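**Student:** My structure is below; once you've seen it, I'll send some questions.
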Amino acid sequence: MIAVPVKTEKGDVIAPLFGKANYFSLIDAQGHIATRECSVQGGMNVVPWLQNLGVKTVLLNHVGEKPFHALLGAGIDIYYVGKERIMLKEALDQLYKGTLEKVTVMNYMKLLGDDGDHHDSGGCGCGH
């Protein structure tokens, strides 16, 4: 099953922050999409929630470092959809075409690390 953080219960636009998404669209092997309200908040709490739903893949445009490692540890594949606003259908089309980049330990900072604005100075408390 694929999970995608989305902005609303309509599930049409991908949410910008994995751990703060109020809804996740879940896509089964047959391509059926169901959008569910996320019953937990914070990336580290979302990971076990997704595991319990049987999720094996997530599509996202930002996730903190700790939830990123938790997803990897749970055996969940992570694909980067880019920084720009993107519709769920477009992201799924890209996944099925093989054009989304899989996020790994080696490319995490390049793809998902912030631009360095507040991280270089430290003290932001965001964990990455």
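**Student:** Rounded to the nearest 5, what % of DSSP beta bridges with both residues in the chain are antiparallel? It would help to have the intermediate numbers written out before the result.
**Tutor:** Numbers: 14 of 20 bridges.
Among the beta bridges of the chain, antiparallel pairing accounts for roughly 70 percent.
**Student:** Length gain on complete extension for the stretch residue 34 to residue 20, per 0.36 nm per residue less the alpha carbon to alpha carbon distance? Present the calculation step by step, with values, prior to reporting the outcome.
**Tutor:** Numbers: separation 14, 0.36 × 14 = 5.04 nm, distance 1.88 nm.
Result for the pair: 3.2 nm of gain on full extension.
**Student:** Hey, another quick one. About the Cα centre of the range 2-112, how large is the charge dipole given +1 on each Lys and Arg Cβ and -1 on each Asp and Glu Cβ? Please answer in debye to the nearest 20. Could you put the intermediate results ahead of the total?
**Tutor:** Values: 12 positive and 10 negative charges, 33 e Å.
It works out to roughly 160 debye.
**Student:** Further, regarding this structure: Please provide three numbers in whole Å: the alpha-carbon extents of the chain along the principal axes, with the largest listed first.
**Tutor:** 46, 30, 26
Readers should treat all values here as calculations from the given coordinates under stated rules, not as data from a laboratory. On a predicted model such as this, the values are computed, not experimentally measured, just so you know. Here the Cβ is made from the backbone with ideal geometry for all residues, glycine too, and neighbour counts use every protein chain on show.
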